[in-house]
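Below is one structure, written out as C-alpha cells; comments come after it.
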Ligand code: NDP
C-alpha cells in the first residue's frame, strides 16, 4: 500500500489529487496527512472520507474548528507551520506539494527527508531554492516529479532521451485573459478580470499570475532548475488553446510535443502512478474537431514578467527568492487594489534593484535561512516600491 500525503489538499491542485485518490481501488493508498489553510470544513471532510491519520491547518486560529470537526473520527487535528513540517516528517512514499507560494517551501524540504517522491506543483520552491531542493532530494535518495503541466510534459517528452541531446525546450502559455487586450485596458484591469482564466480552472493566485505572465516567468526558471538546461535553450510560445503543453527539440531537429486536455489530473495522475500509466478520467482530444492550433510570440511590452525572469536567471544566487517574494507581495497589493495590474511588474523590478543594492542578489544561497531572508527583504522592498509607485 502506497502511503501518500497531500499538502494544500483544499486547493485546486489538492482537490484534483483528492479526486484521483478517491477513485483508486480500496487499499491502494494509505493517506497519511492532508493539509489546508482556512477551508476547515472541506479539509475535515476530505480527511474523514480518505481516513487520513492527521489533518493540519496552516493557521493556529483555525485549530479549534478543525478539532471540533474531527472529534470522534479518529483523525488527528493539528495546526501551525511547525505542525505542517511535522506532518511532512511522517513516513510517506508520495507527497503532493500543492501549498500556494513560498509557504510550501519548508514542508517540501521536510517531505524530501523521508526519501520518497515529492510531486511538485509548488513551483515557488524551485524558483526560490532550486539548487537546495535538488541537493536535499539527492542527499536523501528522494525523487522530485514535476506536476506543473508544462514540466510534466517536458519530463514525459524526455523519457528515454539524453538531456545533452536537447537543443531547446518550448513551454506554451495560454496568454491568459488579457492576451488580446491593449496596454491601457490591461493597466485598468481588476482582480475579477485577471482571475478569469480562459482555459484552466486554478487557484486565484496562479490565475492572476497567468494573466500577468508571472506564472510563465516562474515556469521558465522552474524549467532551468528542474532540467538543468541553459536559459538560452528555453523558449515561450503563446498557444491560446492550451492543448500543447510543451515541446522538446533535439539536436537532430526532431521536436516532441505533449498534448492533452487542460486538466491537471493528467499531470497529477502521471506523477502519482509513475513510472506506470493508469486510466485517468480526462477528456480525450478529438483533433479533427479541434481543427487548428494557434501559436504566437509573447509580447514583451504588455507582459514584462518574462524579461524579468531572464534577468533573474542570469543573476542566479538569491535573485529567484527575491523575485518570487516580491511577486507575491505585489500580487497581494494588486488584490487589495493598492496598485494597478501593470504596477506589479514595476514593483518587482524595483524590489530586485533595491535588494541587489542591500543584499547582493548574486550571492550564493547557502541554506534555507538565506531564502527566508531574501524573501522577507523582497516583500519589504516591494511594499516600499509600491508606495513610490502610488506617490
Ligand atoms: P489554491 O489557492 O487553489 O490552493 C492553495 C492551497 O494552499 C490550499 O489548500 C490553501 O488552503 C493552502 N494554503 C493557502 N495559504 C497557505 C499557507 N500560508 N500555508 C499553508 N497552506 C496554505 O492554489 P492552487 O492549487 O491553484 O496552486 C497550488 C500550487 O500549485 C501553487 O504553487 C501553484 O503555482 C501550483 N500549480 C497550480 C496549478 C493549477 O492548475 N491550479 C497548475 C500548476 C501549478 P485553504 O484553501 O484551505 O485556505
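The values are calculated or read from the model by the stated rules, or taken from the named source; none is laboratory data. Because the structure is a prediction, the values reported are computed rather than measured. Every residue, glycine as well, gets a Cβ built from its backbone with ideal geometry; the counts of neighbours run over all protein chains shown.
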### Message
So, residue 85, is that one at pLDDT 95 or above, crowded, with 22+ Cβ neighbours inside 10 Å and within 24 Å of the chain's Cα centre (by Cα) or not?
### Response
no
### Message
touching a strand residue (DSSP E or B) at 6+ places or on another chain (Cβ under 6 Å), within 25 Å of residue 12 (Cβ to Cβ) and not in a loop (DSSP other than H, G, I, E, B): which single residue out of 330, 267, 271, 321 fits that description?
### Response
271
### Summary
Of the conditions (1) within 16 Å of the chain's Cα centre (by Cα); (2) surrounded by fewer than 18 Cβ atoms within 10 Å (Cβ to Cβ); (3) over 22 Å from residue 324 (Cα atoms), the single one that residue 268 does not satisfy is (2)
### Task
Only residues that are within 24 Å of the chain's Cα centre (by Cα) and assigned to a helix (DSSP H, G or I): list them for region 45-82, please.
46, 47, 81, 82
### Task
Looking at (1) within 12 Å of the ligand (Cβ to nearest atom); (2) more than 18 Å from residue 205 (Cβ to Cβ); (3) under 20 Å from the mean Cα position of the chain (by Cα), find the lone condition where residue 5 falls short.
(1)
#### Entry: Members of region 227-242 that are in contact (Cβ under 8 Å) with a residue 24 or more places away in the chain, closer than 21 Å to residue 145 by Cα and in a loop (DSSP other than H, G, I, E, B)
228, 229
### Query
Can you name the residue in region 183-198 that is surrounded by 17 or more Cβ atoms within 10 Å (Cβ to Cβ) and in a loop (DSSP other than H, G, I, E, B) and is also farthest from the ligand (Cβ to nearest atom) among such residues?
189
### Query
If only one of 307, 346 is assigned to a helix (DSSP H, G or I), under 22 Å from residue 186 (Cα atoms) and out of contact with any helix residue (DSSP H, G or I) (no Cβ under 7 Å at 6 or more places or on another chain), which one is it?
307
#### Entry: Residue within region 234-248 that is buried (at least 18 other Cβ atoms within 10 Å of the Cβ) and farther than 27 Å from residue 165 by Cα present
yes
### Query
With (1) more than 8 Å from the ligand (Cβ to nearest atom); (2) at pLDDT 95 or above as the list, and residue 26 as the residue in question, which single condition is left unmet?
(2)
### Task
Could you look through region 33-42, keep only residues that are buried (at least 16 other Cβ atoms within 10 Å of the Cβ) and within 6 Å of the ligand (Cβ to nearest atom), and pick out the one that is farthest from residue 94 (Cα to Cα)?
39
### Summary
Filtering region 162-179 for residues that are surrounded by 18 or more Cβ atoms within 10 Å (Cβ to Cβ) and either more than 16 Å from the ligand (Cβ to nearest atom) or in contact (Cβ under 8 Å) with a residue 40 or more places away in the chain (or both) leaves a count of 10
